[in-house]
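What follows is a set of notes on a single structure, which appears directly below.
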Amino acid sequence: MLIEVAITAAVITAAVGFISWRVWQTLRVSKGKQACGGCGACPAKTAKP
Amino acid sequence: MNRTDRHTVALIGNPNTGKSSLFNALTGARQKIANFPGVTVEAKLGVLKLEHTEIDLIDLPGTYSLAARSPDERVAIDGLLGRAKGMAKPDGVLIVVDASSLDRNLYLATQVLEFGLPTVLVLTMVDVATERGISIDMDKLSAALGAKVVAVNSPKGENLDILKQTLHQTLHHPAKPLELPYPEDFRRGVDTLYQQLCDIGIKLGYTPARPESLRLLVDASGPFLEECEEVAGPEFTRQLHEIRDKASGGRSLALIESTARYGQIGQWMLQAKRTQNREGRTLTDKIDAVLTHKLWGTLVFVLVMGLIFQSIYAWAGPLMDIIDSGFGALGDLVGSTLADGMLKSLIVDGIIAGVGGVLIFLPQILILFLFIALLEDIGYMSRAAFLMDRLMARFGLSGRSFIPLLSSFACNIPGVMGARVIEDRNTRLTTIFLAPFMSCSARLPVYTLFIAVFVPAQKVLGFIPLQGLVLFAMYWVGVLFAIPTALVLKRGILKSKVTPFLMEMPSYKMPRARNVLRVLWDRGGSFVKRAGTIILALSIVVWAAAYFPHSDEIEQKYDAQLEALQAKYEPAVVEFEPDFEAEPQNSLEKIAKAHADHEAAIAELEEEHAEDEEALKAAVLEAESALVKALDDLRSADFETASGQYEAWLEYTEAASAIENDRAGDHLENSYLGVMGKAIEPAVRPLGWDWRIGMAAIASFPAREVIVGTLGIIFHLGAEEDEESGTLRETISNDKSFSLATGLSIMVFFALCAQCAATLAVMRRETNSWKWPITSFVYMTSLAYVAALVTYQVAHALGG
């Protein structure tokens, strides 16, 4: 039971952390500090070798 | 000693000359290529590896000249001068030139050659030129230009090694700037202005190049002048105009410049180009006569678009069913492995229902992009832009807005960024504002889900499937609302003249399988990545909000009800758990198996005779007789008792299932999501939505597809899973809170609402102000609300 609670809490924390990171990335795009929104809806804007 | 040199080389050329294709061939990068201009709006970086040398290759946006009127042209100049952020000053240049339009393409080449960088001229589309009877003597052209010339065929990889070697050699030889025969006054004007620019070089933070003074003298506008004014004040502009007056000698400076350039190009062409007169029209001309025709062209355009949306329905179904069953099996596997509890619920109701619900739309996304990729590669999109130009001019927009708006149908972000090719600021802002109205691929799952549920699979006029027709119509909803918005903006705050739109019509080509597959791989990959990242994270958060606090009080209340129910039945009934896979051991099990086999047979018959009601009735009657016979065969001493137990078991399982459903529903209504949903319910009720749809719509503001996942989670959590639980489509169609009017209202809302945080962020960056994204968000959300309200009320009143 304790392990179940711990795993669930870790997964939720990771999801919230990921969303926060994406919000931060999006704000960086709006300020022009990043090339693309990285929304993943279109192919990557910066071609890599 | 082994040393590796590092150089930077800029790749520049007119739009649609095959720069991106060459860039990919040289660097192995996977940048998007299309058979229409304006695909690259930002400089891209790739690495070309040669023996002992690595070259950073910068792919600059396509431009017809270095006159920096639009932002993407400024990107080209900054890239050439090494002022682009994070990019070094180029040591050399590759000028990509379309051999079939050599004269016009060399105009840009003369401007670049004036910079005096080591340069290689790359001829593309030589096969098209040959078809048109054009032959080019490359040695003579090279001697005339003072630069090496190499003809390549990037898609086939022809002559790429020669190009690499030539570039390698060229980089190690200094080059002289091209000198054109300008009139003396003009030349003096350039020199004087160049001196002035050097004087303010310290304040600018860089030494301007001489060709920049030529550009400033001729153009007297653009971002570079603004920069100079900023550091040197308005006095600089006054002096610039004085110099311009002296240099022009009363003539147009632009005319002086173009006369000198085209004069020089004409002389080069006399030496290096031969054209044979070919009789008759080319195949491209013949096809264009139909596809760009006012009536036939428009008809073909509508037919092509209609066909795309029909195919999405006709072809995607079987593939969707496979993915759906895959996720169903995965859910069952996890469900049978884990014990009941929050972890099982998180995986089955949260992750699998949320992400799986979105991923089943992958086939539809792939079919849409298959058609887009084919049309792009064939060269049809430029013809579509030509057709739309006439229409768009009526709303104050030019055909130049068409490509960004067309890109927006795939994703609004490249649409907003693609507006950079528009010179006029007001038209650019209008285009950016309109881009989110175009139905991006994220809206597709929403449309297809609700169309599949509410629109019957009938045919209109006997041959047009209704579902595809409704999907086609949904794509027009955004366009229909964008038109009056454009009219208001262009006649109001963003008033400007309609500038003529000049667009090159690329010749038709056979689609290249590699290009098409690359588009499908990229788009499909992006969709899966998005489902596996942001949608997964949002699904987990939505699940948590819908699962917790999961109070003990509710658990106890329903446990007590269940205990009371169990007390009413004998233990043999309560404990009976039939295993239909195993051989039945007693009469009760035999009776249960006979009934289960009968139900399975009926389901099969219903599927078999779905379109023939009479045949179904007859088959069902036959199956029922078979059941009666099977039960007769089972008659034994304890048959009556076992029959009674079976009836009691049916009654008990139904009542127990109702209690479990109530328990799940009660938990959901009392969850954080439920409480929030109930609070907003009065606001969404007029749209025909209940609190669950309201919350799903709110959860979708960061990304639209989340609504599908959220509804999947809510329905999974809101009802106990049993053998009758179906797909999300089936669950919605069985739910009484949904009607056709509700479905239409949701689709209209999603067609018009600005639910994409990434698009709003890019809009802020492109307009350099929060004013536009905030206005867009408020305007589109209000519009979506009102339109959904009207849709629901009208459809409801009509009996929907």
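Take the residues of segment B:755-800 that are within 14 Å of chain A (Cβ to nearest Cβ), open to solvent by less than 10 Å² (accessible area, probe 1.4 Å) and at pLDDT 90 or above: which is farthest from B:Val470 (Cα to Cα)?
The residue in question is B:Pro773.
Looking at segment B:147-164 only, could you name the residues that are in contact with a strand residue (DSSP E or B) (Cβ under 7 Å, 6 or more places away or on another chain) and part of a helix (DSSP H, G or I)?
Answer for segment B:147-164, where residues must be in contact with a strand residue (DSSP E or B) (Cβ under 7 Å, 6 or more places away or on another chain) and part of a helix (DSSP H, G or I): B:Ile162, B:Leu163, B:Lys164.
Identify the single condition in (1) more than 14 Å from every other protein chain (Cβ to nearest Cβ); (2) of a type in the set (Val, Ile, Thr); (3) out of contact with any Phe, Trp or Tyr (no Cβ under 6 Å at 6 or more places or on another chain); (4) open to solvent by 30 Å² or more (accessible area, probe 1.4 Å) that B:Thr731 does not satisfy, given that it satisfies every other one.
Of (1) more than 14 Å from every other protein chain (Cβ to nearest Cβ); (2) of a type in the set (Val, Ile, Thr); (3) out of contact with any Phe, Trp or Tyr (no Cβ under 6 Å at 6 or more places or on another chain); (4) open to solvent by 30 Å² or more (accessible area, probe 1.4 Å), only one is false for B:Thr731: (3).
Out of B:Leu22, B:Leu45, I need the residue that is within 14 Å of chain A (Cβ to nearest Cβ), touching a strand residue (DSSP E or B) at 6+ places or on another chain (Cβ under 8 Å), modelled with pLDDT of 75 or more and open to solvent by less than 10 Å² (accessible area, probe 1.4 Å). Which one?
B:Leu22
Quick check on B:Ser439: is it more than 14 Å from B:Thr767 (Cβ to Cβ), open to solvent by less than 10 Å² (accessible area, probe 1.4 Å) and within 14 Å of chain A (Cβ to nearest Cβ)?
Criteria met by B:Ser439.
Only one of these is assigned to a loop (DSSP other than H, G, I, E, B), facing another protein chain (nearest Cβ under 7 Å), open to solvent by 70 Å² or more (accessible area, probe 1.4 Å) and at pLDDT below 70: A:Pro43, A:Pro49. Name it.
None of the others qualify; the one that does is A:Pro49.
Can you tell me which of (1) in a helix (DSSP H, G or I); (2) surrounded by fewer than 19 Cβ atoms within 10 Å (Cβ to Cβ); (3) within 43 Å of the chain's Cα centre (by Cα) is the one B:Leu167 doesn't meet?
Unmet condition: (2).
Select from segment B:196-249 the residues that are under 22 Å from B:Thr110 (Cα atoms), open to solvent by 70 Å² or more (accessible area, probe 1.4 Å) and in a helix (DSSP H, G or I) and list them in ascending order.
Once the filter is applied, which keeps residues that are under 22 Å from B:Thr110 (Cα atoms), open to solvent by 70 Å² or more (accessible area, probe 1.4 Å) and in a helix (DSSP H, G or I), segment B:196-249 yields only B:Arg210.
Quick check on my filter: what residues within segment B:316-359 are in contact (Cβ under 8 Å) with a residue 60 or more places away in the chain, away from every other protein chain (no Cβ under 14 Å) and closer than 26 Å to B:Arg704 by Cα?
Within segment B:316-359, B:Ala316, B:Asp324, B:Gly328, B:Ala353, B:Gly356, B:Gly357 meet the criteria.
Pick out the one residue from B:Gln310, B:Gln267 that is assigned to a helix (DSSP H, G or I), open to solvent by 90 Å² or more (accessible area, probe 1.4 Å) and in contact (Cβ under 8 Å) with a residue 40 or more places away in the chain.
Result: B:Gln267 is the single residue among B:Gln310, B:Gln267 that is assigned to a helix (DSSP H, G or I), open to solvent by 90 Å² or more (accessible area, probe 1.4 Å) and in contact (Cβ under 8 Å) with a residue 40 or more places away in the chain.
If you go through segment B:95-147 one residue at a time, how many are among the aromatic types (Phe, Trp, Tyr), within 36 Å of the chain's Cα centre (by Cα) and over 13 Å from B:Ser65 (Cα atoms)?
Qualifying residue count, segment B:95-147: 0.
Provide a single number: the residues in segment B:183-195 that are open to solvent by less than 30 Å² (accessible area, probe 1.4 Å) and not small (Gly, Ala, Ser).
3
For segment B:382-409, give me each residue that is open to solvent by 10 Å² or more (accessible area, probe 1.4 Å) and within 14 Å of chain A (Cβ to nearest Cβ).
If the condition is that a residue be open to solvent by 10 Å² or more (accessible area, probe 1.4 Å) and within 14 Å of chain A (Cβ to nearest Cβ), then B:Leu406, B:Ser407, B:Phe409 are the ones that fit.
Tell me which helices (runs of 4 or more DSSP H) are completely within segment B:548-633 and hold 2 or more residues being in contact with an Asp or Glu (Cβ under 9 Å, 6 or more places away or on another chain) and surrounded by 16 or more Cβ atoms within 10 Å (Cβ to Cβ), or say none if there are none.
Of the helices (runs of 4 or more DSSP H) lying wholly inside segment B:548-633, those with at least 2 residues that are in contact with an Asp or Glu (Cβ under 9 Å, 6 or more places away or on another chain) and surrounded by 16 or more Cβ atoms within 10 Å (Cβ to Cβ) span B:552-568, B:587-608, B:613-633.
The values are calculated or read from the model by the stated rules, or taken from the named source; none is laboratory data. This structure is a prediction, so every number in the text was calculated from the model and none was measured. Virtual Cβ from ideal backbone geometry, glycine too; neighbours counted across all protein chains shown. We work out accessible area using only protein heavy atoms, side chains counted, and drop any ligands, DNA or RNA first. Shrake-Rupley method; radii C 1.70, N 1.55, O 1.52, S 1.80 Å.
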